[in-house]
Amino acid sequence: MTGRRLMVLGTGSDVGKSLLVAGLARAFSRRGLSVAPFKAQNMSNNAAVTADGGEIGRAQALQARAAGLAPVSDMNPVLLKPETDVEAQVVVQGRVLGRYSAAAYQRLKPGLLPAVCASLSRLADRHDLVLIEGAGSGAERYLRAQDISNMGLAETADLPVVLLGDDSRGGVTAAAIGHYHLWTASERARCKGVIVNKFRGDPGVFAPAARDIRNETGWPVLGLLRWSQVARSLPEEDSLGHGRQTGSGRGLVIAVPELPRLANADDIDPLAAEPGVDLRWVRPGRPIPGDTDVVLLLGSKTTRAALAGLRAEGWDIDIAAHLRRGGRVAGLCAGFQMLGRRVADPDGIEGPAGKTAGLGLLEVDTVLTADKRLVQIEATDALTGTTLRGYEMHMGRTSGEGLSRPWLRPNGRAEGAVSPDGKVMGCYLHGLFAADGFRGQWLTAMGGTVPAQDQAARLDRALDTLASEIEADLDLDALLSLAR
């Protein structure tokens, strides 16, 4: 392997590993290095379609953008997409391997290590530096025997490690020292230092804690990363934190029901960032607000279960009342399927075989199938002629007379459906709201008045700011010297 490698392990989940790797990727790429991100195993129903026709976690897609690269499957060779609390679809190097229970996956996992190492080797052969993100905590003993994401990978691939902790949660000193005592002597030697994230206040106050960490472990504290406001404007890895994603102010009210097993929730990020959009998550137990202009149904990993959940909350009744008041409804991917007359799963792809009645708002029917469509697409809005780019990622075929009134025209073919009165629309295309021209036209058609922002430029500015903040708080030359 020609490229150097550096692994970022965390003291826990949500300590900032993904955004640190993104910021470092942008910072090192600005210095002229070819940088690639890597995460052996990710668990998320929010995925991105890659240039090579696979799928990876969207955190790695963001990191690739930060590095100035198109995402490829090798950047996230194992992706777990939960379907129930104990089962997940397993994607290996961009392709669906199958559906596994948690116990079955633990038995499968050691056999995936060669594929993980092969992906890492290919990236290292092509780039100057590979930044490797761990998963969750780097010292979970009960997972260590089958580990392919943290020290299991570090030991196999001989990786240098830095440990990232989150000061905002409290206990960062104990977490760092605890990792030292849970690791073996070989694992301890791999760790080259500790980075403290989300720090507020006077750095001098942390000096005694840094001494404690050094005295107990021998590891230096490599830097204190200040609390970053811009980090909160960047896309999140999954829906766990989506409570913070709300509109930027008064304006067009878009209500998004929190359906079971939400997938690709990042579809709403460009809408939430618009000053003229008031985006509201509708939590279970809450009705769809009466002042809603548009109800947006997002994707779900389990369409029939999502329909059952929607009805259990009474949201089907709310949607019917919303339409009677003159409101509009849009559905993406599984949301599109739910808007139809029925969803059939004859082979038990998503769970027990059977049929579920849809909302009946579009004249279409869907049959779930084992084959998965993964493709990047350029399309035209059938109503306005606006061009956009997006991607399809779904299992199922939709048919019916409603398709004669398409919402979009990708590559000249019809895609999606619009109701005869134009109030209900749905399609399989993800990422369509990231297209500034389309988003602006759609918001205007829905009753909005504020022009769309340049979201791509906004995202790149945020990544540049994040990189500059990291450069100010970390010695990047010293950090790069740890990579090998």
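Among the listed values (1) 1.13; (2) 1.09; (3) 0.99, the one computed from these coordinates for Rg/Rh (Cα atoms, Kirkwood Rh) is (3).
Summarising the amide proton neighbourhood of M393: residues at separation of 5 or more, or on other chains, whose placed amide H is nearer than 5 Å comprise H430. Two tests apply to each whole DSSP H helix in the chain, Cα reach of 18 Å or more along its axis and mean Kyte-Doolittle hydropathy of at least -0.5, and the ones passing both are 17-30, 113-126, 455-473. With the simple spin-label model, which puts each label point 7 Å out from Cα in the Cβ direction, the T2 to S399 separation comes to 5.1 nm. Which part of segment 5-31 falls in the paramagnetic zone of L476, meaning amide N under 20 Å from the point 7 Å along Cα-to-beta-carbon? Only 5-9, 16-31 fall inside the zone, counting backbone N under 20 Å.
For segment 239-458, the relative contact order comes to 18 percent (Cα pairs under 8 Å, sequence separation of at least 6). Were the residues from T387 through A320 laid out at 0.36 nm apart, the gain over their Cα-Cα distance would be 21.0 nm. With the simple spin-label model, which puts each label point 7 Å out from Cα in the Cβ direction, the R409 to R122 separation comes to 3.7 nm.
What's the lysine pair count for the chain at a Cα cut-off below 13 Å, pairs eight or more apart or interchain? Display every interim value, and only then the final one.
On the way: K17/K39; K17/K198; K81/K301; K301/K372.
Step by step, the pairs that qualify in the chain add up to 4.
Suppose the chain between A102 and A174 were pulled fully straight at 0.36 nm per residue; how much longer would it get relative to their current alpha carbon spacing? All intermediate terms of the calculation are to be shown ahead of the outcome.
Values: separation 72, 0.36 × 72 = 25.92 nm, distance 3.01 nm.
Full-extension gain reported as 22.9 nm.
The calculated FRET efficiency for the pair A445 and N215, based on their C-beta separation and a Förster distance of 56 Å, comes to about 0.30. The distance separating the Cα centre of segment 152-180 from that of segment 378-429 comes to 46 Å. Placing a pseudo-label 7 Å from each Cα along the Cα-to-Cβ vector at T184 and R461 gives an inter-label distance of 5.0 nm.
Read-outs: derived from the displayed coordinates by stated rules, not from any lab. What you are looking at is a predicted structure, and each value in this text was computed from that prediction instead of being measured. With ideal geometry, Cβ positions are generated from the backbone for all residues, glycine too; neighbour counts draw on all protein chains shown.
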